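Trainee: Take this structure first; my questions come after.
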Amino acid sequence: MHRRGPDHAAYRRWTNPAGRHVYLLHSRLSIIDLDPRANQPFQVGSKWLVLNGELYNYLEMRRDLKAQGGHFTTESDTEVLLSALDRHGWDVLDRCEGMWAFAVYDEADGSLSLCRDRFGEKPLYIFRDRDGLYFGSEVKFIAALLGRRLKVNFDHLYRYLVNGYKALYKDGHTFFQGISELEPATTLHLVGAGND
C-alpha cells in the first residue's frame, strides 16, 4: 500500500465481542492537515476511521460542529467526518459533499461499517470467505492479505473484451472471482456479535 500513501502507514487491531479480529490498515497521502496528528486510523470517542477520499464541505461542517460544542485537535476532513458521524449518526452523510470510501470500527459495540460516496468515485472492494471479510481500495491489497492470487473472472473479462467499458458496471461482477464492489451510495453495517 506504500505507493498509495507514502507519508504515513499504520494499522489498528481489535477483537470484537464475538471474538472476531478486526484490522484497519491505512497508507496516507497527506493533502489536508499535513501534521502527523491527522494520521489514520483516526479516533473520535469509541470510533476509529480509515478514509480514502476527501470531504469537500468539511470547513462548513466543522464550523457547524463547533457551534454545537464540538472540539477538534486537527485541521483534517477526517476528524470532521468522524466527529459528525459520532455526534449525529449515519444520517449526517446526507450533508456530506465529497468522494469517499471509508471504514469505521466502533469499539463500544464491535461493529464495522463500510461506506461509499453517492457516485462511487472511490473504490471499495470486498472479499468474503470462511475465514472472514476483507476489504480495500485495490484488489491487490486483498490478495496480499489473503496471501494468494485471486482467480480471474473470465466471463467478465470476455464481456469487457467484446463490449468494452460499458459492460463493466452492469451486473456487479469484477475481474476477479469472489471480489465484489460495495455499491455507490451504500453503507454496510456489520454488527459485531451477530456476524460469522
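The values are calculated or read from the model by the stated rules, or taken from the named source; none is laboratory data. Computed from a prediction, not measured in an experiment: that's the story for all the values here. Positions of Cβ are generated from backbone atoms using ideal geometry, with glycine treated the same way; all protein chains shown enter the neighbour counts. Surface accessibility is based on the protein's heavy atoms, side chains included, excluding ligands, DNA and RNA. Shrake-Rupley method; radii C 1.70, N 1.55, O 1.52, S 1.80 Å.
Trainee: Would you calculate a helix-derived [θ] at 222 nm for the chain, using -39,500 (n - 2.57) for each DSSP H run of n ≥ 4 and dividing by the full residue count, to the nearest 500?
Mentor: Taken over the chain, the calculation gives -6000 deg cm²/dmol.
Trainee: I32 accessible area, nearest 10 Å², 1.4 Å probe?
Mentor: Number for this one is 30 Å².
Trainee: Determine the dipole magnitude for region 11-112: charges of +1 sit on the beta-carbon of Lys and Arg, -1 on that of Asp and Glu, nothing else is charged, the reference point is the Cα centre, and the result goes in debye to the nearest 20.
Mentor: Value, rounded to 20: 340 debye.
Trainee: What does the convex hull of the alpha-carbon atoms of region 89-178 project to on average, in nm²?
Mentor: That works out to 7.7 nm².
Trainee: Find the centroid of the Cα atoms in region 139-183 and in region 42-100, then give the distance between the two in whole Å.
Mentor: 32
Trainee: With every protein chain left in place, what is the accessible area per residue of region 64-171 in square angstrom, probe 1.4 Å?
Mentor: 56
Trainee: I'd like the Karplus ³J(HN,Hα) series for region 153-166: coefficients 6.51, -1.76, 1.60, θ = phi - 60°, whole numbers in Hz, and an x wherever there's a Gly or Pro.
Mentor: Couplings: 8, 5, 4, 5, 4, 5, 4, 5, 5, 7, 9, x, 4, 5 Hz.
Trainee: Continuing with the same structure: Which lysines does K47 reach when only Cα atoms under 22 Å apart count, and residues fewer than 8 places away in its own chain are ignored?
Mentor: K66, K122
Trainee: Further, regarding this structure: Considering only the chain, what is the antiparallel percent among its DSSP beta bridges, to the nearest 5?
Mentor: 100
Trainee: Report, to the nearest 10°, how far helix 58-67 tilts away from the longest principal axis of the Cα atoms in the chain, using its own Cα long axis and a range of 0 to 90°.
Mentor: Roughly 40 degrees, rounded to the nearest 10.
Trainee: Just to be sure I understand the model, the point goes 7 Å from the Cα along the line to the Cβ. What's the resulting E97 to Y158 distance in nm?
Mentor: 4.6
Trainee: Something else: Counting only protein heavy atoms and using a 1.4 Å probe, what share of the accessible area of the chain belongs to carbon plus sulfur, as a whole percent?
Mentor: So the carbon and sulfur contribution to the accessible surface is 51 percent.
Trainee: Shifting gears a bit: Under unit Cβ charges (Lys, Arg +1; Asp, Glu -1), what dipole magnitude, rounded to 20 debye, does the chain have relative to its Cα centre?
Mentor: Its charge dipole is roughly 720 debye.
Trainee: Consider the candidate values (i) 1, 8, 17, 22, 22, 17, 10, 4, 1, 0; (ii) 1, 7, 15, 19, 19, 16, 11, 7, 3, 1, 0, 0; (iii) 1, 7, 11, 11, 12, 13, 13, 11, 8, 5, 3, 2, 1, 0; state which one is P(r) over Cα pairs in 5 Å bins from 0, in percent computed from the structure displayed.
Mentor: Matching entry in (i) 1, 8, 17, 22, 22, 17, 10, 4, 1, 0; (ii) 1, 7, 15, 19, 19, 16, 11, 7, 3, 1, 0, 0; (iii) 1, 7, 11, 11, 12, 13, 13, 11, 8, 5, 3, 2, 1, 0: (ii).
Trainee: Taking amide H positions as placed in the peptide plane 1.01 Å from N, state which residues far from F176 in sequence (5 or more) or on other chains have amide H under 5 Å from it.
Mentor: So F176 has HN proximity to N153.
Trainee: With angles folded into 0 to 90 degrees, how steeply does helix 77-88 sit against the dominant principal axis of the chain? Use alpha carbons for both and round to 10.
Mentor: Rounded to the nearest ten degrees, it is 80.
Trainee: In addition: Suppose every Lys and Arg Cβ carries +1 and every Asp and Glu Cβ carries -1, with no other charges. What dipole size does region 97-196 come out with about its Cα centre, to the nearest 20 debye?
Mentor: 620
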